[in-house]
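Trainee: First, the structure itself, so that you have it in front of you.
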Amino acid sequence: MKLSGKKELIDIVLNDIKKRGGISFKDFMDYALYYPSLGYYTCDKEKIGGYGDFFTSSELDPVFGQLLAKQFNEIYLNYFKGKKIKLVELGSGKGVLAFDILNEIKTNYPEFYENLEFISVEKSPFHIQHQQKVLNGFNVKWLESIEDLEDIEGIVYSNELFDALPVHLIKKKNGKIYEIYLNEKDGEIVEELREISEDVLTYIKELKIDIPEGMTTEVNLLAKDLIQTIGQKLKKGFVFTVDYGYPSKELYKPYRMKGTLLCYYKHTYNENFYENIGFQDITSHVNFSALVYYGKKAGLEFTGFTDQAHFLINLGLGDIMIQLQEKGDSKSFERINRLKTLILPKGMGEKFKILIQHKNIKNPILSGLKIIPPQNDRYKIEEI
Ligand SMILES: C[S@@+](CC[C@H](N)C(=O)[O-])C[C@H]1O[C@@H](n2cnc3c(N)ncnc32)[C@H](O)[C@@H]1O
């Protein structure tokens with residue numbers, strides 16, 4: 001097949017393939033999403049929202065940020081009261097979620113706001129520029145890499161960051177696991193099964209992942225590195241990871257034979273990873289067992305794992321909907337419909353998960369985890 005998309009980016013990919021005699025899928029995905037100025041996330045094209053390719057919860061309604069702020073304020077009051085507290089968002093995109101959270105804290109939790117230092121870690125210079133406009137009026141520090149973060153006492157959170165990290169692609173064939181590489185033959189791109197790299201194999205072994213025969217799936221080593229870096233930087237506090245994905249036990253079920261890799265373009269999805277390069281998003285589901293396992297190695301303890309519907313309802317979404325219903329005007333009913341989208345089963349309510357981890361906090365109790373979903377394969381993080 002031929003690569004299609006941004007000509008300049010395709011030439012860069014093809015040159016590297018020629019130079020190195022092939023590149024891993026992970027390197028290809030890194031080019032497609034993050035090559036300076038040309039990658040999907042690093043170029044100056046609208047990606048998130050109605051004129052982009054996908055919606056995030058924060059684009060839909062401010063309530064997502066407002067209820068997260070409520071949870072963060074509870075943490076401030078119970079574990080940091082009267083002390084300085086850092087709030088760090090990783091991969092803040094357009095900054096809409098950061099705006100909703102900061103606006104809510106400033107309006108309703110002034111003591112928390114007074115003690116707050118907000119840091120946005122964002123890899124894309126285009127998104128940083130956007131955030132600087134959206135967050136004008138708030139005291140925000142910007143960093144391009146998590147490595148630049150100093151020690152943190154407070155809360156680190158992300159929404160749809162881990163699914164946007166470049167992944168290794170692997171395939172099990174005749175009982176052996178291979179890694180998928182891209183090579184070029186007669187002007188066409190071909191996938192090749194090559195010997196798996198040592199660190200990918202270690203990940204599979206450490207997590208005791210049992211991959212069914214014939215399955216193609218992803219290994220997200222950058223997620224492992226990221227959660228470990230967060231664990232090292234955090235001295236006391238919590239980590240909130242909001243994203244779609246599952247524990248290992250669910251993720252590698254035989255009905256996901258092709259894995260979870262998907263492209264998003266103008267609110268439709270496809271599996272044509274080699275088309276529209278630089279114009280479309282490529283994502284994969286997050287392995288939450290891996291975040292728990294590698295987080296633990298970096299000192300992060302497991303607090304809880306839930307979904308967006310349970311989390312938001314625990315924090316009072318139902319009451320907000322009742323108040324809107326009592327108002328009874330058309331605007332309130334429109335908003336109720338948007339809020340319903342956030343909690344729909346089989347939709348955003350179930351698809352998006354929230355993993356909470358903590359460090360140096362004794363027996364944490366969080367309102368967002370008051371009632372959790374049934375502990376089946378989709379929600380139970382297995383002990384490894
Ligand atoms: C799917 S967007 C999520 C946007 C936002 N959190 C929201 O809720 O709308 C992922 C964002 O993470 C950023 N990103 C990717 N890798 C990153 C990294 N290693 N450090 C910081 N930001 C990163 C991307 O540039 C992009 O802005």
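What follows is calculated from the coordinates using simple rules that are stated; it is not laboratory data. A quick note: this is a predicted structure, and the numbers were derived from the prediction, not measured. A quick note on method: Cβ atoms are made from the backbone with ideal geometry, for glycine too, and the neighbour counts reach across all protein chains shown.
Trainee: When the chain is fully extended, how far beyond the present Cα-Cα distance does Glu59 get from Arg338, taking 0.36 nm per residue of separation?
Mentor: 99.4 nm
Trainee: In µm²/s, what is D for the range 7-367 at 10 °C and 1.306 mPa s, where D = kT/(6 pi eta Rh) by Stokes-Einstein and Rh is the Kirkwood radius from Cα pairs?
Mentor: Rounded, D is 74 µm²/s.
Trainee: On a full-extension model of 0.36 nm per residue, what is the gain between Ile384 and Leu77, subtracting their alpha-carbon distance, rounded to one decimal in nm?
Mentor: Gain in length upon complete extension: 107.2 nm.
Trainee: If you take the charge dipole of the range 7-367 about its Cα centre, with +1 on Lys and Arg Cβ and -1 on Asp and Glu Cβ, which of Asn103, Thr216, Phe238 is farthest toward its positive end?
Mentor: With unit charges placed on the Cβ atoms, the residue in question is Phe238.
Trainee: Please list log₁₀ I(q)/I(0) at q = 0.11, 0.15 Å⁻¹ for the range 28-148, using the Debye equation with identical point scatterers on the alpha-carbon positions.
Mentor: Taken in order of the listed q values, log10 I(q)/I(0) reads -0.40, -0.71.
Trainee: Under 8 Å for C-alpha pairs, at least 6 residues apart: give me the relative contact order for the chain, rounded to a whole percent.
Mentor: Once divided by the residue count of the chain, the mean separation gives 20 percent.
Trainee: Show which lysines lie in cross-link reach of Lys266 when reach means a straight Cα distance below 16 angstrom and same-chain residues fewer than eight apart are skipped.
Mentor: Lys45, Lys47
Trainee: Distance between Cα centroids, the range 92-159 to the range 13-42: provide it in whole Å.
Mentor: 29 Å
Trainee: Please get the size of the charge dipole for the chain, origin at its Cα centre, with Cβ charges of +1 on Lys and Arg and -1 on Asp and Glu, quoted in debye to the nearest 20.
Mentor: Charge dipole of the chain: 660 debye, to the nearest 20.
Trainee: Which residue, Gly349, Pro36, Thr229, has the largest displacement toward the positive end of the dipole of the chain when charges sit on each Cβ (Lys, Arg +1; Asp, Glu -1)?
Mentor: Toward the positive end, the furthest listed residue is Gly349.
Trainee: Would you compute the Debye intensity of the range 207-261 from its alpha-carbon atoms alone, equal scatterers and no solvent, and pass along log10 I(q)/I(0) at q = 0.27 Å⁻¹ to two decimals?
Mentor: Each listed q maps to, in turn, -1.16.
Trainee: Here is a follow-up. Starting from the Cα of Lys296, draw a straight line to each of the aspartates and glutamates and keep only those under 17 Å, dropping any in the same chain fewer than 8 residues away.
Mentor: Excluding near neighbours in sequence, the set is Glu206, Asp225, Glu382, Glu383.
Trainee: Determine the gain in length on full extension of the stretch His267-Asp186; use 0.36 nm per residue of separation and subtract their C-alpha separation, reporting nm with one decimal.
Mentor: 25.8 nm
Trainee: How many nm is it between the label spots at Ile12 and Gln323, if each spot is 7 Å from the Cα in line with the beta carbon?
Mentor: Going by the 7 Å Cα→Cβ label model, 4.7 nm.
Trainee: Next up: Mind checking which of Gly50, Gly304, Gly295 has the largest fluctuation in a GNM of the chain, springs on alpha carbons under 10 Å?
Mentor: Between Gly50, Gly304, Gly295, it is Gly50 that shows the largest mean-square fluctuation.
Trainee: Could you check how many percent of all C-alpha pairs in the range 271-319 are farther apart than 15 Å?
Mentor: Details: 788 of 1176 pairs.
When all Cα pairs of the range 271-319 are counted, 67 percent exceed 15 Å.
Trainee: Write down Rg/Rh for the range 84-223, rounded to two decimals, with Rg from the C-alpha atoms and Rh from the Kirkwood relation over Cα pairs.
Mentor: Across the range 84-223, the Cα-based Rg/Rh ratio is 1.15.
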